[in-house]
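The block underneath contains the structure these notes are about, expressed in structure tokens.
The values are calculated or read from the model by the stated rules, or taken from the named source; none is laboratory data. Nothing here was measured: the structure is a model prediction, and the numbers come from that model. Reconstructed Cβ throughout: ideal geometry from the backbone, glycine too, with neighbour counts over all protein chains shown. Note: accessible area is taken over every heavy atom of the protein model, side chains too, but ligands, DNA and RNA are not part of it. Shrake-Rupley method; radii C 1.70, N 1.55, O 1.52, S 1.80 Å.
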Amino acid sequence: MIPTKLATIFSQVKDPRRDLLKLHKLNDILLISTLAVICGADTWKDIETFAISKEEFLQNYLELPNGIPRLDTYRRVFAAIDSQCFENCFIEWVNSFATLNDKEVVAIDGKTIRGAKSHGKKSPIHMVSAWASEQNIVLGQVKTQEKSNEITAIPELLSILSLENTVVTIDAMGCQKEIAAAIIDKEADYVLAVKENQKNLYQDIEEEFRFGKNIESSTSQDLGHGRIETRVCSVVTDFQFINPINKWKNLTTVVKIDSTREFKNSDKPTETATRYYISSLKADVEDFQRAIRSHWGIENKLHWTLDVAFSEDASRKRIGNSAQNFSMINKIALNLLKNEKTAKQGVKGKRFKAALDNRYLIKVLNL
């Protein structure tokens, strides 16, 4: 057997099939799928092709009592596996090797799998994920039926994660009193974006920065990709205008980011934006700059990578739980590839290397 923690975790996934239909071990199906995705597979046919071409290699590590499963087997099994059970096993696996740093930013955000739409209707598959910004790993995911239901999905995700002494960042959709309280109850701090969906709070924060006197500020500048971006971060901890009836749990700091983006060698006009945040964290202005910038790692390092390197947005899987469960396999593969440090190349390059080199493939799997 492949000597990996992942095989142990997969053995805990409940097999949804009747005994008479179990020609192939569930553990074998899940491990083959993971290996195939690491090596570049995106479809059921890709997984079957990978397994057939690597049969001699796989026989050294897996049981395969009835040979290599066919593509319909993968399709049926992934559609039937209980997604919540699978996600709990995933989180247990992540906890077995991941140690979050003190005050590490854990970004939470949602992503729609657009290819899962049917008959022209909006895709019903929307995943809310948690991303550890320094460890570069996915900590967990929860499915919600549509974007508005992130408000109910985020507390569910928070409840199953270990977040002690981290800083949880969420966009304006998650700026809710119940979510702030749930983060504090997990012994973590929050930085929540505020927009006009919280109209009274938004107006109070505007007044804090318009009329407040004890404002600390720090400026940072990024140059690259033909543009210059300047960000001024300002914080207030001595509130004068925040209405006490808001009662956001442990609210300590309000933050404003004024950003200006100028384009070199271009006629594009200068872009400006102002964003507001609330936080339970009492820290230096520079720490808030870093935390807020780190939040965008979930877009750039997770969502963008899933779409570009794993073609997730183009995936047409929609039967049963298949889209949700295959998304979990993608995230397992991404965690493994991100944390393999010997190959100095991107995720796409590592997938190609794993497809060509069986020894490297086993090295990736044995996190």
Histogram of C-alpha separations across the range 29-121, 5 Å bin width, %: 2, 10, 15, 17, 19, 15, 10, 7, 4, 1
Extension reserve of the Q84-D313 stretch, reckoned as 0.36 nm per residue once the Cα distance is removed: 80.3 nm
R75 accessible area, 1.4 Å probe, all protein chains in place, Å² to nearest 10: 80 Å²
Amide H contacts under 5 Å for V191, placed H, 5+ residues apart: V168, T169, I170
Accessible-area ranking of D204, D307, D19, largest first, probe 1.4 Å: D19, D307, D204
Helix runs (DSSP H) in the chain reaching 15 Å along axis by Cα, Kyte-Doolittle at least -0.5: 26-38, 83-97, 322-338
Projected label distance in nm at K177 and E156, using a 7 Å step from Cα toward the beta-carbon: 2.4 nm
Choice from N250, N330, N265 with maximal GNM fluctuation in the chain (Cα, 10 Å cutoff): N265
Compactness index (Cα Rg / 2.2 N^0.38 Å), the chain: 1.10
Normalised contact order of the range 1-141, rounded percent, pairs of Cα under 8 Å and 6 or more residues apart: 22 percent
For E216, distant residues with modelled amide H under 5 Å away: V235
Relative contact order of the chain, pairs being alpha-carbon contacts under 8 Å that are 6 or more residues apart, as %: 20 percent
Label zone at E134 (point 7 Å along Cα-to-Cβ), backbone N below 19 Å, the range 183-202: 187-191
Of all accessible heavy-atom area on the chain, the percent that carbon and sulfur account for (1.4 Å): 47 percent
Separation of alpha-carbon centers, the range 46-74 and the range 309-348, rounded to whole Å: 19 Å
Farthest positive-ward along the range 255-337 dipole, Cα basis, beta-carbon charges - from T272, V308, A283: V308
Where the chain is the region considered: accessible area per residue in Å², 1.4 Å probe: 48 Å²
At R0 = 41 Å, FRET efficiency that the Cβ-Cβ distance of K341 and T272 yields, to 0.05: 0.55
